[in-house]
Amino acid sequence: GGAPPAFDAALLVGDNVYTDFNEAMPVWRVPFASAYAQVLGDAALGHFTRHTRTHFMHDDHEVRNDFDVASLMRDGPHGARLYEHGMREVRRHLLLRNPPPP
């Protein structure tokens with residue numbers, strides 16, 4: 001319910017989820033999906049994004065706290081798998097929601 005928001009567009013530029021977790025956790029157990037479900041399941045955010053052209057962007061928390069690609073690659077195969085899994089979830093839950101370019 002409620003009136004549509006009075007915005008033409010919104011840029012959500014990161015800190016969409018915090019996936020801070022135990023570093024020893026196997027990659028497949030990192031709770032990416034539940035983190036996104038909690039945020040994207042919020043009724044107010046859902047109302048806003050249904051009525052406002054919204055663009056999502058990821059930042060340094062969507063894969064691991066303060067992550068950067070170079071540090072993940074230094075972690076070897078585990079870091080590479082974490083990056084691949086985390087970014088796949090970013091695309092699945094956030095970036096695919098972005099409207100096409102004009």
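The values are calculated or read from the model by the stated rules, or taken from the named source; none is laboratory data. Quick caveat, the model's predicted, so the values are computed rather than measured. Quick reminder, even Gly has a Cβ in these numbers, built from the backbone with ideal geometry, and neighbours come from all protein chains shown. What goes into the accessible areas is simple: the full protein's heavy atoms, side chains included, and nothing from ligands, DNA or RNA. Shrake-Rupley method; radii C 1.70, N 1.55, O 1.52, S 1.80 Å.
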Inset, instruction - Please specify each residue of region 7-21 satisfying the condition of being under 15 Å from Phe67 (Cβ atoms) and either modelled with pLDDT of 75 or more or open to solvent by 50 Å² or more (accessible area, probe 1.4 Å) (or both). - result: Gly14, Asp15, Asn16, Val17, Tyr18, Thr19, Asp20
Inset, instruction - Please indicate, with yes or no, whether at least one residue in region 85-94 is within 28 Å of Gly2 (Cβ to Cβ), buried (at least 17 other Cβ atoms within 10 Å of the Cβ) and modelled with pLDDT of 90 or more. - result: yes
Inset, instruction - Out of the residues in region 22-59 that are within 13 Å of Glu89 (Cβ to Cβ) and aromatic (Phe, Trp, Tyr), state the one that is modelled with the lowest pLDDT. - result: Trp28
Inset, instruction - Would you please list the contacts, defined by Cβ atoms under 7 Å and residues six or more apart or on different chains, that run from a residue in region 74-102 that is among the β-branched types (Val, Ile, Thr) to a residue that is buried (at least 16 other Cβ atoms within 10 Å of the Cβ)? - result: Val90/His58; Val90/Glu62
Inset, instruction - Select from region 35-65 the residues that are under 17 Å from Met87 (Cα atoms) and surrounded by fewer than 11 Cβ atoms within 10 Å (Cβ to Cβ) and list them in ascending order. - result: none
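Please count how many residues of region 66-80 are open to solvent by 30 Å² or more (accessible area, probe 1.4 Å) and over 17 Å from the mean Cα position of the chain (by Cα).
So the count comes out to 6.
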Inset, instruction - Name, by its number, the condition in (1) over 30 Å from Pro102 (Cα atoms); (2) without any contact (Cβ under 8 Å) to a residue 12 or more places away in the chain; (3) of a type in the set (A, V, I, L, M, F, W, C) that does not hold for Trp28. - result: (2)
